[in-house]
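This report refers to the structure that appears directly beneath it.
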Amino acid sequence: QVRLVESGGGLVQAGGSLRLSCAASGRTFYLGAMGWFRQAPGKDREFVAAISWSGSTTNYADSVKGRFTISRDNDKNTTYLQMNSLKPEDTAVYYCAQARSVAKLSRFAIDYWGQGTQVTVSS
């Protein structure tokens, strides 16, 4: 079992920045790919970003390319999402997720989910 705990959410003005963290615990000897998803009120959960175990492969949703950066520190079992130039439409609950590959993450073939952290961007 792997437990994922997100942190770093909050309220920010449009144009501002936030950094989300996802700390993994449990069977972390090989976490595989890690990713971030988000779900706005009344909308389906959507893919945001993913990163491979080595960090050599990343993938982003078109809506966040150039503004968000995913990274990971395997020594700390932590994955990050740096969010810059935030827009009101980025408001959502952000979820951390783990899967066996970036491709599986992008297809929602998730092994473990975190509980989510709220991000609110005011205009």
Could you tell me whether any residue of the stretch 63-79 is in contact with a strand residue (DSSP E or B) (Cβ under 9 Å, 6 or more places away or on another chain), closer than 11 Å to Phe37 by Cα and of a type outside the set (S, T, N, Q)?
no
For the stretch 1-25: of the residues being open to solvent by 60 Å² or more (accessible area, probe 1.4 Å) and under 15 Å from Gln98 (Cα atoms), which is farthest from the chain's Cα centre (by Cα)?
Gln1
Of the numbered conditions (1) modelled with pLDDT of 95 or more; (2) assigned to a loop (DSSP other than H, G, I, E, B); (3) closer than 16 Å to Val2 by Cβ, Leu86 satisfies every one except a single condition; which is it?
(3)
Some residue of the stretch 89-110 being without any contact (Cβ under 8 Å) to a residue 40 or more places away in the chain, on the phi > 0 side of the Ramachandran plot and in a loop (DSSP other than H, G, I, E, B):
no
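The values are calculated or read from the model by the stated rules, or taken from the named source; none is laboratory data. Nothing here was measured: the structure is a model prediction, and the numbers come from that model. Virtual Cβ from ideal backbone geometry, glycine too; neighbours counted across all protein chains shown. For the accessible areas, the whole protein counts, side chains as well, though only heavy atoms, and no ligand, DNA or RNA atoms are used. Shrake-Rupley method; radii C 1.70, N 1.55, O 1.52, S 1.80 Å.
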